[in-house]
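Below is one structure, written out as structure tokens; the observations come after it.
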Amino acid sequence: MPKRSNFTPEQASELYSCTGWGREFFSVNENGEVVVHLNDNGKKTKLSLFEVAKGMKERGFDYPLLLRFRDLLDAQIRDLNEAFISAIKDHDYKANYRGVYPIKVNQQQQVIEEVTEFGRQYHYGLEAGSKPELLLAMAYMHDPEAYIICNGYKDSEFIDLALQGSKMGLQIVIVVEMPSEIDLVIERSKALGILPILGMRVKLSSCNNSHWQHSSGENSVFGLTPEQVIGSIDRLRSVDMLHCFKLMHFHQGSQVADIREIRDAASEAMRIYVQLVNEGAPMGIIDIGGGLGVDYDGTRSTRPNSRNYGLPEYAADVVDVFKTVCEETNTTHPTIISESGRAIAAYYSVLIFNVLDVNHAVIQEGTRPSVTSMHPTLRKLMEVDDNLRADNVQECYNDANYYRKDLKAQFFYGRVTLRQHAEGNRLFKFVIKRIIDMVGAMENPPEELSEIGANLHDVYYANFSLFQSLPDSWAIDQLFPVMPIHRLTEKPTRTAVIADITCDCDGRIDTFVVDGEITKALPLHPLKDGEDYLLGVFLVGAYQETLGDLHNLLGDTHVASISVEEGKVRYLHELEGDTVADVLSYVEYEPAQVVRRFRKLAEKSVESGLISAAERKNIMSMYEESIRGYTYFES
Ligand code: PLP
């Protein structure tokens, strides 16, 4: 019988808030492993991420790994579309929903292929924000009932491509973001003899509180002001092209946490839309952009990394607001487009990495560290330890800090050796650990000490690069759920921040969600000799893969798409991560030339007798093998 601890999978789920952010996709099984819930021929099957990761390693793919689950992408596409279909039915709304997936959120070929294939049943389209994205959209989106929405600044080549695509039967909408684009579209349309499907992006005055609030409100960078919209309408009318103006678009910014802000923006937008109809434009389509949030911290609140609504409420509110304004103004109900990206892609990928080492904030269990050379301050620290009792714990805490500071000062003036300094540090950490344990057992600890453990955290060094795999964690303090993917029937006894293997002090994760609260450290287990300790970072499918960079020349991780068939894991689309040669070539080196340069040094070393010719051979093959190898720490 396996030994059961008093820590249950349910407690683990609560501790890491997996019950909130994991939704119906992730949970903890009775073996204490995180499982992903996948569709197996209509039946839900739970796969252990720990087993999947081990399986990858056995197949020669070392950690870190990115696991992708196309089933979760499908589930989100389905839920979003079904939410709008239900809301439209419930509100007796007289037009359709036609969502589009913004390519920039995750442009990987597997994503675009899945979005277009699975999404076809809903005529789910694509949003392109640049020429390359439009070229991609035209290659993958051939459903004449789905939309391709062209946002972003456009040159004449971009516009020509869109016009030619419409001629070929695709519903490509050119959304004007700048007043000057109107003249360019008119000119290209006349030159090619093709009428565009035209849209305009409008600026709303409604603001929101998200990190991307600068994308909303009157001061936002993108979109046309009311004067510019009216000017563009007059210009179109003057060349007899007002009949091409069919779509109004707005974008509130990403990750809008509060549903009231979504309602407010929808309401203001529909008022503008009605005015466009009154101006004589045919219209027929309203595009509400992105903004649909993801509940990264699982609290379903208005915190920046959460959202206080679900998909059904989002769809129902948008449809309700649009219908109310349309009925009031006697306006035909327009087709609704949304450009939700984050909510579609976030669940798709999970980053898995192993922990390489730990730096403990306090000495772990055991006896008092020995001291090899006695120094008066070290002796004082030992006396503090000897005298420590529950009734003088505050005094001992003060003394321990005083003597540690004293030791540091004496080291500074050359009166303490490095060895004595190190032994003093170890003694101090031991005393603090005893104080933490003592305070933890007290009903009424001294006020200053009641939080003493909370600010002392280990550093767990983990095999990944924050800059490559979680760039938003560094750039915009985005919170991602992190937790061990196994050992979850064992109570975690340490608290830690996680440092990556870049030699950059920003390369660390130090914001977590624990028990529904935002914390500076994560409860973790002590490492066991000879055993991998694997952590997962969840909900990383949106924006992370292509925003990542090559800091310290750490490249793309290995990737596998995981699905399940007849209860068995299927490893699909395994992609080897970047080799050292790959990342060198990204930064304009020629790997062969790098090897040649090193070979010169090796030969020089042989000539000067530092190494033998046989040693040169071994060193060269080691060097060349490393150039062909993975950029991360390999076990
Ligand atoms: N549409 C536009 C114009 C955007 O700029 C963005 C991204 O910010 C999106 C859609 C996707 O937004 P989200 O990921 O919040 O759904």
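Odds and ends about this structure:
- Within region 565-620, tally of residues that are in a loop (DSSP other than H, G, I, E, B), aliphatic (A, V, I, L, M), touching a residue at least 24 places away in the same chain (Cβ under 8 Å) and more than 25 Å from LEU554 (Cβ to Cβ): 0
- Residue match in region 245-254 (condition: away from the ligand (no atom under 14 Å from the Cβ), modelled with pLDDT of 95 or more and either open to solvent by 30 Å² or more (accessible area, probe 1.4 Å) or within 27 Å of THR519 (Cβ to Cβ) (or both)): yes
A quick yes/no check of all residues on (1) more than 26 Å from THR377 (Cβ to Cβ); (2) out of contact with any Leu (no Cβ under 6 Å at 6 or more places or on another chain):
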position	(1), (2)
THR417	no, yes
ASN425	no, yes
ILE435	no, yes
MET438	no, yes
ALA441	yes, yes
ALA454	yes, yes
SER465	yes, no
LEU470	yes, yes
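- Region 556-574: number of residues that are within 18 Å of SER465 (Cα to Cα) and open to solvent by 60 Å² or more (accessible area, probe 1.4 Å): 1
- Any hit, region 197-205, residues being more than 24 Å from GLY99 (Cβ to Cβ), surrounded by fewer than 17 Cβ atoms within 10 Å (Cβ to Cβ) and either β-branched (Val, Ile, Thr) or within 16 Å of the ligand (Cβ to nearest atom) (or both): no
- The single residue among LEU527, LEU522 that is over 30 Å from VAL384 (Cβ atoms) and either free of Cβ contacts under 8 Å to residues at least 40 places away in the same chain or surrounded by 15 or more Cβ atoms within 10 Å (Cβ to Cβ) (or both) turns out to be LEU522.
- Of all residues in region 12-58, exactly one satisfies the criterion of being surrounded by fewer than 19 Cβ atoms within 10 Å (Cβ to Cβ), in contact with a strand residue (DSSP E or B) (Cβ under 7 Å, 6 or more places away or on another chain) and within 30 Å of THR579 (Cβ to Cβ), namely GLY55.
- Looking at region 24-115, the strands (runs of 3 or more DSSP E) lying wholly inside it that each contain 2 or more residues that are among the aliphatic types (A, V, I, L, M) sit at 34-40, 65-68.
- Single match in ALA592, ALA614 (criterion: at pLDDT 95 or above, open to solvent by less than 60 Å² (accessible area, probe 1.4 Å) and on the phi < 0 side of the Ramachandran plot): ALA592
- Residues within region 243-284 that are farther than 17 Å from VAL325 by Cβ, aliphatic (A, V, I, L, M) and in contact with a Pro (Cβ under 8 Å, 6 or more places away or on another chain), tallied: 1
Quick grid of which residues meet (1) buried (at least 19 other Cβ atoms within 10 Å of the Cβ); (2) under 16 Å from ASN81 (Cα atoms); (3) of a type outside the set (Phe, Trp, Tyr); (4) within 16 Å of the ligand (Cβ to nearest atom):
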position: PRO312; (1), (2), (3), (4): no, yes, yes, no
position: PHE322; (1), (2), (3), (4): yes, no, no, no
position: GLY341; (1), (2), (3), (4): yes, yes, yes, yes
position: ILE363; (1), (2), (3), (4): yes, no, yes, no
position: THR367; (1), (2), (3), (4): no, no, yes, no
position: PRO376; (1), (2), (3), (4): no, no, yes, no
position: LEU388; (1), (2), (3), (4): no, no, yes, no
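- Matching option when the condition is away from the ligand (no atom under 14 Å from the Cβ), at pLDDT 95 or above, on the phi > 0 side of the Ramachandran plot and not hydrophobic (A, V, I, L, M, F, W, C), among ASP240, ASP234: ASP240
- PHE69 vs. criteria open to solvent by 10 Å² or more (accessible area, probe 1.4 Å) and modelled with pLDDT of 95 or more: no
- Selection count where residues are among the aromatic types (Phe, Trp, Tyr) and within 32 Å of the chain's Cα centre (by Cα), scope region 572-599: 2
- Some residue of region 489-497 being of a type in the set (Asp, Glu) and under 30 Å from VAL28 (Cβ atoms): yes
- Failed criterion for GLU383 (all others in (1) surrounded by fewer than 19 Cβ atoms within 10 Å (Cβ to Cβ); (2) of a type outside the set (Ser, Thr, Tyr); (3) closer than 16 Å to GLY424 by Cβ; (4) at pLDDT below 95 hold): (4)
- Checked against the criterion of being over 33 Å from the mean Cα position of the chain (by Cα) and closer than 23 Å to ASP287 by Cβ, the candidates THR335, THR372, THR367, THR329 yield just one match: THR329.
- Matching option when the condition is within 18 Å of MET200 (Cα to Cα), open to solvent by less than 10 Å² (accessible area, probe 1.4 Å) and touching a helix residue (DSSP H, G or I) at 6+ places or on another chain (Cβ under 6 Å), among ALA281, ALA269: ALA281
- Residues of region 115-138 classified as under 15 Å from ILE344 (Cα atoms) and within 16 Å of the ligand (Cβ to nearest atom), total: 6
- Taking the criterion of being within 18 Å of the chain's Cα centre (by Cα) and surrounded by 22 or more Cβ atoms within 10 Å (Cβ to Cβ), the residues of region 84-122 that qualify are TYR101, PRO102, ILE103, VAL105, ASN106, VAL111.
The values are calculated or read from the model by the stated rules, or taken from the named source; none is laboratory data. Please read all numbers here as calculations on a predicted model, not as lab measurements. We place every Cβ from the backbone using ideal geometry, glycine too, and count neighbours over all the protein chains shown. We work out accessible area using only protein heavy atoms, side chains counted, and drop any ligands, DNA or RNA first. Shrake-Rupley method; radii C 1.70, N 1.55, O 1.52, S 1.80 Å.
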